[in-house]
Amino acid sequence: MLNLIWIAFFLVGFLAALAQALQGDLDVFTRVLAGLFDTARTGFEVALGLTGVMSLWLGIMKIGERGGLIQLLGRALAPFFRRIFPDIPAGHPAGGSIVMNFSANLLGLDNAATPLGLKAMRELQEINPQKDTASNAMIMFLVLNTAGITLIPTSVIAIRQTLAIRQGLAGFNAADIFLPTLLATFVSFTAGLIAVALWQRINLLNRAVLLSFAAFLGVAGGLYAWLGRMPAERMAQMTGLLGSGLIVTIIALFIAVAAWRRVNAYEAFVEGAKEGFGVAVQIIPYLIAMLAAISVFRTTGGMDYLIGGIGALVAALGLNADFVPALPVGLMKTLSGSGARGLMIDVMTAYGVDSFQGRLAAIIQGSTETTFYVLAVYFGSVNITRTRYALACGLIADAAGLAGAILIAYGFYH
């Protein structure tokens, strides 16, 4: 499916550009070509920028492995992970890496989550019997990553606060989208989990899974009760402290435990960091391939045509169309995180950060993930070419998350 969509992006984009050229737009192919060159450069720069971060986190993870804390984390969550990852052997390092990746995603720390996720993929590839084909465990892991469950949308709150000051909104609560965003991302995560579980025939109606969901809802409710009473600026500070402070504490704990167990932490770090460069270089072709196709689709107006068609359909059905201006954020988020962020800011600027459309755009941005980017980078890092049903389940999670975000926003703000 990924191959078919990649081809469709190029061919649909080409046909749209050809139609525009025949209508008198003589610069359209120049824009397409410039976009292709720009995205090729961007893909390389993203991979190059990832090298340092990859080296840092793979080094830290190696210290955690040598000290035994990664294995301890894996055992702590073993009841839940055994149910949804039945193919991962008990005590395998992949379990700990997956735990760390999910923890970073929960706290909205993308810079930490990506290298940890790439490490998990490399470890899952070790137990993958068909090295060019995505295993069941890989698909479950990636779909849950694309669902992108996040407790605290820190970056979205910060952007809203900045725009509110520019728009002269006194006493504006930039964090008022906290609970709706949490609910929307939970819908996306649950939909992705159910979609893959049905495909892989995994029974989710068991004590371990239900208790894990209850624990998550309890933590989320506790965070909301604690943070919800704070002023917006104070809440933004506390969320930043919570996320960054927890990660720094984990790093310090890894090093302290390694020292206590007489592990050479420095050598372990260097050994793990050496892997970072190879992983970053390996993803470049996959990343550029996906970014190039997305660029052609965007530059030729494919996204605009799609949004226009949806808007016309909603109007023809006589439904409330207030959500349509924010819809491009959700559709773009599956393709490009930075593109979706730009569209979110555009919606907030055009309609107001305190408008229904502005709030919905923020909820969508905070509750969905860049599915095509994640699949291209993660599968590319281990040379997986046959992705099976990973994209289908990822898009199901995205669609559920987008629909959930719209319905939740109507329930809260409309």
For region 165-191, pairs from a residue that is under 20 Å from M238 (Cα atoms) and in contact (Cβ under 8 Å) with a residue 60 or more places away in the chain to a residue that is open to solvent by 60 Å² or more (accessible area, probe 1.4 Å) and among the hydrophobic types (A, V, I, L, M, F, W, C), with Cβ under 6 Å and 6 or more apart or across chains, are P180/F412
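Among the candidates G309, G342, which residue alone is in a helix (DSSP H, G or I), at pLDDT below 80, closer than 27 Å to L26 by Cβ and out of contact with any helix residue (DSSP H, G or I) (no Cβ under 7 Å at 6 or more places or on another chain)?
Values: G309 fails: at pLDDT below 80.
On inspection, the qualifying residue turns out to be G342.
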Within region 345-358, residues being open to solvent by 20 Å² or more (accessible area, probe 1.4 Å) and in a helix (DSSP H, G or I) number 7
Within region 184-211, restricting to residues that are within 18 Å of G394 (Cα to Cα) and touching a Pro at 6+ places or on another chain (Cβ under 9 Å), the one that is least open to solvent (accessible area, probe 1.4 Å) is T185
Looking at region 359-372, is at least one residue in a helix (DSSP H, G or I), of a type in the set (A, V, I, L, M) and open to solvent by 40 Å² or more (accessible area, probe 1.4 Å)?
no
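From the list G276, G272, G240, exactly one residue is at pLDDT 70 or above, under 23 Å from the mean Cα position of the chain (by Cα) and open to solvent by less than 40 Å² (accessible area, probe 1.4 Å). Which is it? Even if it seems obvious, please write down each step before you answer.
Values: G272 fails: under 23 Å from the mean Cα position of the chain (by Cα); G240 fails: at pLDDT 70 or above.
On inspection, the qualifying residue turns out to be G276.
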Output for Cβ contacts, cut-off 6 Å, separation at least six or different chains, first residue on the phi < 0 side of the Ramachandran plot and without any contact (Cβ under 8 Å) to a residue 24 or more places away in the chain in region 367-386, second outside any helix (DSSP H, G or I) and open to solvent by less than 10 Å² (accessible area, probe 1.4 Å), reads none
Filtering region 160-178 down to residues that are aliphatic (A, V, I, L, M), modelled with pLDDT of 75 or more and either in a helix (DSSP H, G or I) or under 22 Å from F216 (Cα atoms) (or both) yields L163, A164, I165, I177
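Residue-by-condition table, conditions (1) modelled with pLDDT of 75 or more; (2) open to solvent by less than 30 Å² (accessible area, probe 1.4 Å); (3) more than 24 Å from the chain's Cα centre (by Cα):
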{"position": "V53", "(1), (2), (3)": "no, no, no"}
{"position": "I60", "(1), (2), (3)": "yes, yes, no"}
{"position": "A78", "(1), (2), (3)": "no, yes, no"}
{"position": "R82", "(1), (2), (3)": "yes, no, no"}
{"position": "A90", "(1), (2), (3)": "yes, no, yes"}
Within region 92-122, restricting to residues that are open to solvent by 30 Å² or more (accessible area, probe 1.4 Å) and modelled with pLDDT of 75 or more, the one that is nearest to A268 (Cα to Cα) is P93
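The values are calculated or read from the model by the stated rules, or taken from the named source; none is laboratory data. A quick note: this is a predicted structure, and the numbers were derived from the prediction, not measured. Cβ atoms come from the backbone with ideal geometry, glycine included; neighbour counts cover every protein chain shown. Remember, those area values only see protein heavy atoms, side chains included, never the ligands or the DNA or RNA. Shrake-Rupley method; radii C 1.70, N 1.55, O 1.52, S 1.80 Å.
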